[in-house]
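Written out below as structure tokens is the structure these notes cover.
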Amino acid sequence: MKVALISTEALITPPRRYGGVESMVYDLCKGLVEKGVDVTLFACKGSQSPSGKLVEIIDEGWGRTGQCEAFEKRIVDMKHSLKKFDVIHDNSHIKPCWKIHKRVLNTLHWEQNPRQCHNNNVVAISEQLANWAKPRNKGRKVRVVHHGCDLSKYGFKKDKSDRFLFLSAINSAKGADVALSVAKDMNLKMDFAGLGGSVSGSIEQESKINPNIMYLGEVTEEKKISLYQNARALIFPTGVHGNWTEAFGLVAIEAMSCGTPVIAWNNGAMPEIITQNKTGFICNSIEDIKNSIGKIDNIKPEDCRKRVEENFTYQVMAKKYIKLYKKLIDGKHW
């Protein structure tokens, strides 16, 4: 089976630090290789492929004017070489591959309209996203394959520190302001790490006058894993203000991989990932978040790790995608 795995036009694969889609594509490529699939990664210049087969499309350029158009032109220009593959798996933002190949699997990573890929063999990364996409998919099926992470990187640690963690883009959409408010109200020790955003300034300022609050900004992967491993819990009020839907949430499975429970807002895919009262808590109010913090020691780190082992590894993800590739090769479209 020969698969062309298309990453995004935004960042290199894997990303240097931030980049959920690019991380997923890299891990999927690794999983496909381990399953014996002949896979070629198509990605931005400077990317790395676990298969050793890489086609560099364009320079990375997140948000750059004309980036999407340049990416689509390069894909179309490569149509003759791409037709040699049994399946194309398109993870890009603009989904141009349906124009040049009959067997294209299109993964939606957020609320991308299925019309972008001509409503062609659509896969969503969560049931929540699939439910959003179905009314826009001309009555066709939307398959679901959850993301998976690499457990060998996210090592399990049972003993935790007395610090809580917020790790995501530091903005109000992800609920960083609510995490800070809860930390202040409850006199919690909390670390804030992630890509700078609308709330960064206020948290950084608070860290200068409040010894319990630590503002770290963007961190290396090594530091990120250490934060996960040592945190009492990941506080993740994503979508708390109603202005963001969390289509998946890699940080949740990364934290649980390390044995760290997750306290999340009832939003997007969070109820699909977190088992209530066993691997964390799904909250519907600020009081819920505070009450959950008080119960956090009831969660067993081993249960968090097991939840990921059984459902959210890159090996599980690769196995599910291979089944869908085989359907396409057999002429079974959806």
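None of the figures in this text is laboratory data; all of them are computed from the coordinates on show. The structure displayed is predicted, hence computed values, not measured ones. All Cβ positions, even for glycine, are placed from backbone atoms using ideal geometry, and neighbour counts span all protein chains on display.
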- Note on the structure: Each label sits 7 Å from Cα toward the beta-carbon; between M78 and K295 the label points are separated, in nm, by 4.9
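Provide the net charge surrounding D297, with neighbours chosen by a C-beta distance below 10 Å and charges set as Lys +1, Arg +1, Asp -1, Glu -1. Display every interim value, and only then the final one.
Details: positive: K160, R232, K295, K300; negative: none.
Spelling it out: positives minus negatives among the neighbours equals +4.
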- Note on the structure: Calculating Cα Rg over 2.2 N^0.38 Å from this structure picks out, from (i) 1.40; (ii) 1.00; (iii) 1.09, entry (ii)
- Does the stretch 1-85 classify as rounded, prolate or oblate by the C-alpha gyration tensor (a ≥ b ≥ c root eigenvalues; a/c under 1.5 gives rounded; else a/b over b/c gives prolate, otherwise oblate)? oblate
- Message: Need one word for the stretch 163-311: rounded, prolate or oblate. Basis is the Cα gyration tensor (sqrt eigenvalues a ≥ b ≥ c); a/c below 1.5 gives rounded, then a/b vs b/c decides.
- Response: rounded
- Message: Can you give me the long-range amide H partners of C283? Hydrogens built in the peptide plane at 1.01 Å from N, cutoff under 5 Å, separation of 5 or more residues or another chain.
- Response: A264, W265, N266
- Note on the structure: The answer for D38, listing residues at least 5 apart or on another chain whose modeled amide H is closer than 5 Å to its amide H, is V3
- In the structure shown, of K141/K306; K73/K323; K35/K224; K157/K323; K158/K290, the pairs separated by more than 26 angstrom at the C-alpha atoms are K141/K306; K73/K323; K35/K224; K157/K323
- Charged-residue dipole, Cβ positions (Lys, Arg, Asp, Glu), the chain about Cα centre, Debye nearest 20: 1380
- Task: Calculate for the chain the 222 nm mean residue ellipticity that helices alone would give, adding -39,500 (n - 2.57) per DSSP H run of length 4 or more and normalising by residue count, nearest 500 deg cm²/dmol.
- Result: -10000 deg cm²/dmol
- Task: Run the dipole for the stretch 163-311 about the Cα centre, Lys and Arg Cβ at +1, Asp and Glu Cβ at -1, nothing else charged, and hand back the magnitude in debye, nearest 20.
- Result: 320
- Query: How much length is gained if the chain between I100 and V219 is pulled fully straight, taking 0.36 nm per residue apart and subtracting their Cα-Cα distance, in nm to one decimal?
  - Reply: 38.9 nm
- Task: Work from the charge dipole of the chain (Cβ charges, +1 for Lys and Arg, -1 for Asp and Glu, about the Cα centre) and give the residue of I289, G36, V178 farthest towards its positive end.
- Result: G36
- Message: Neighbour counts of other C-beta atoms within 10 Å: give me T13, T40, T65 arranged from fewest to most.
- Response: T65, T40, T13
- Task: Report, in whole Å, the centroid distance computed from the Cα atoms of the stretch 287-309 and the stretch 54-124.
- Result: 39
- Task: At 0.36 nm per residue, minus the direct Cα-Cα distance, what do E310 and K332 gain on full extension? Give it in nm, one decimal, please.
- Result: 5.1 nm
